[in-house]
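What follows is a short report on a single structure.
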Amino acid sequence: MIYFDNSATTKPYKEVLDAFVTVSQNYFANPSSIHSKGGETERLIYQARKTVAGLLKVKPAEIIFTSGGTEGNNTAIKGIALKHQERGKHLITSEVEHASSYETFHYLESLGFEVTYLPVNSSGEISLEELEKSIRKDTILVSLIHVNNEVGTIQPIVDAGKILKNFPKVFFHVDHVQGIGKIPLPFKEAAIDLCTMSGHKFHGLKGTGILYKREGVTLSPLLTGGVQEASVRAGTENVAGIVSIAKALRMTFDRMEYGIRSMETVKQRMMDELSVMEGITINTPSKSAPHIINFSIHGVKPEVMIHTLDQKEIYVSTRSACSSKQAGASRILLAMGLGEKKAGTAIRMSLSFDNTLDEAEVVLKELKNAVVQLQTVMG
C-alpha cells in the first residue's frame, strides 16, 4: 500500500493510539468531579495543555482543546463576529479558504454581516495591498488559511500580521490545519489572535483539535453550558483525545526538521517527473508547502484515475476530502484562474514524513501507465 492522501488524514502514531487507550481505561473519571479520581484526570488535561503551549511557544491559558479544524474555524470566526458585531459587521477572508471557513462566512452573510473575499493570483496568493485596502472602520476580523489544502500555496501570514498591527481593533484568525508540522508559524511575530489546528493532520486522532486564543481575546462560544475550556467550549472534556493530541504534536515536532527535508526531496522528484509527462499540467506553485502536489490530467476524469490507482493500492484524492464527493470543478483552482478543464480534472497527492522516494517511483510509474491507458480509452 502507498498512501499519498495525508492532507485528508494521516495514520495515527502507534504511541498516540496507546496513549488514548491507556487514558480511556485508567483515567475515565470526569475531570470536573471533585474526588481524587477526577483530580487525576484534570491533571492530565493540565499537563497536555502545558505541553502543547510549550511546543507552540504560547501560554497554557491560550490553548483551547476542540474536536478539530471545522469546530476551531467555526468557533473563531463566528465567535469574533457575534461577540464584536456592535463594533462593526465587516469581515475579510479570501476566495481560497477551506470549506469550514468559507461556508461559515456565507452563513454570517445571511445574518447581515458583510464579507470581502480577497481574490488570488495564479499561484493562489492574496495581495497584501488588496488586504490593506479592504480594511474599513467597521472591519472586525481578517481570517486567512496558512497553507492551502488543495494546492499547497503558502499565504504571507507574517506580512499580513504586520499590516494588521496598524489596525488594533481588527482580530486576525489563521487556519493552520495544513501548515502545522510542515510550515513553522510564529504566532507572536505574525500578531495572530486565533489559530486553528487539527490532530488528525499530524498523526493524531480524528475528533481532536487545538484552537489558540490569544490572552485577552473574547469570543461568543458555539457551545454553552459548563465552564470547561475557559468557558469557550462547554462539555465534558475528551481527556483521552486531549492527551493523544499533545503526544502527536510533540512527536511531530521532534521529527519535523528531518521530516520536512524528506518530504521536500520526494515532492521535488514527483514535480520533476510530472512536469515532463505528456498530458499533465502541474497546478501547485513552485514555492509551496512540502507535502502537497496538485496536477491536472488532460481528458481524464479524476475519479476514474483515483479508482485506477486504487486497484494498485495507491491512494490519492481529487481535492479537499470535505469537498471530494461534490460534482464540478475545484473552487480553489477556479479562483486561481486555471479554467474549468484544469479545475475539473485535478488530482491531489499529499505526503507525510514516512513517504519515501521508492514509493514515489512506484506511483510515477503506475500514474504514467494509467494516463496512457485512460487517455487512449477516453480519447
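The values are calculated or read from the model by the stated rules, or taken from the named source; none is laboratory data. Because the structure is a prediction, the values reported are computed rather than measured. When we count neighbours, we look across all protein chains shown, and the Cβ atoms used for this are built from the backbone with ideal geometry, even at glycine. When the accessible area is computed, the model is the full protein with side chains, heavy atoms only, and any ligands, DNA or RNA have been set aside. Shrake-Rupley method; radii C 1.70, N 1.55, O 1.52, S 1.80 Å.
Taking all protein chains in place and a 1.4 Å probe, what share, in percent, of the accessible surface of the chain do carbon and sulfur account for?
Within the chain, the accessible surface is 52 percent carbon and sulfur.
Averaged over every viewing direction, what's the projected area of the C-alpha convex hull for the range 67-148? Give it in nm², one decimal, please.
The directionally averaged projection comes out at 5.4 nm².
In degrees from 0 to 90, rounded to the nearest 10, what is the angle of the helix 69-83 Cα long axis to the longest principal axis of the chain?
Once rounded, the angle reads 50 degrees.
Ratio of the range 235-379's C-alpha Rg to 2.2 N^0.38 Å, to two decimals?
1.18
Taking the 0 to 90 degree range and rounding to the nearest ten, how far is the long axis of helix 99-110 tilted relative to the main principal axis of the chain, both from C-alpha atoms?
Once rounded, one gets 60 degrees.
Along the principal axes of its C-alpha atoms, what lengths does the range 1-158 span, in descending order and rounded to whole Å?
On the principal axes, the range 1-158 reaches 55, 48, 30 Å in Cα extent.
Evaluate 2.2 N^0.38 Å with N set to the residue count of the range 124-173, then give the Cα radius of gyration divided by it.
1.14
What are the extents of the Cα atoms of the range 159-229 along their three principal axes, in Å, largest first?
Principal extents (largest minus smallest coordinate, Cα): 38, 35, 14 Å.
Restricting to the range 97-204, what percent of DSSP beta bridges are antiparallel, rounded to 5?
Antiparallel bridges: around 10 percent, rounded to the nearest 5.
Could you rank the peptides 242-249, 259-266, 303-310, 347-354 by their average count of other C-beta atoms within 10 Å per residue, with the highest value first?
Peptide ranking by packing, descending: 242-249, 347-354, 259-266, 303-310.
How large is the Rg to Rh ratio of the range 101-150 when both quantities use alpha carbon positions and Rh follows Kirkwood?
The Rg/Rh ratio comes out at 0.97.
If you place +1 on the Cβ of every Lys and Arg, -1 on the Cβ of every Asp and Glu, and leave all else neutral, what size is the dipole of the chain about its Cα centre, to the nearest 20 Debye?
Taking the Cα centre of the chain as origin, the dipole is about 720 debye.
Quick one: grab the alpha carbon gyration tensor of the chain, order the square roots of its eigenvalues as a ≥ b ≥ c, and give me rounded if a/c is under 1.5, else prolate or oblate depending on whether a/b is larger than b/c.
On the way: a/c = 2.07, a/b = 1.30, b/c = 1.59.
Oblate, because a/c is 1.5 or more while a/b does not exceed b/c.
Rounding to the nearest 10 and keeping the result within 0 to 90°, find how far the Cα-based axis of helix 357-378 lies from the longest principal axis of the chain.
60 degrees
Please identify the chymotrypsin sites (Phe, Trp or Tyr not before Pro) of the range 256-349 that satisfy two criteria: DSSP loop assignment and at most 16 other Cβ atoms within 10 Å. Which are they?
Values: sites: 258, 295, 315; in loops: none.
Nothing satisfies the criteria.
Can you give me the P(r) profile for the range 85-217? Cα pairs, bins 5 angstrom wide beginning at 0, each as a whole percent.
Reading upward from the zero bin: 2, 10, 21, 24, 22, 14, 6, 2, 0.
How far is it, in nm, from the label point at residue 341 to the one at residue 286 when both lie 7 Å from their Cα along the line to the Cβ?
2.4 nm
In whole angstrom, how long is each semi-axis of the equivalent ellipsoid of the range 166-297, when you take the square root of 5 times every eigenvalue of its Cα gyration tensor and sort them from largest down?
34, 19, 14
Projected area of the range 1-78, taken from the Cα convex hull and averaged over every viewing direction, in nm²?
So the Cα hull casts an average projection of 7.5 nm².
Mind scanning 14/301; 78/165; 342/368; 182/206 and naming the pairs with a C-alpha gap bigger than 27 Å? Intermediate values should be presented prior to the final figure.
Details: 14/301 36 Å; 78/165 22 Å; 342/368 18 Å; 182/206 19 Å.
Distance filter (> 27 Å) returns 14/301.
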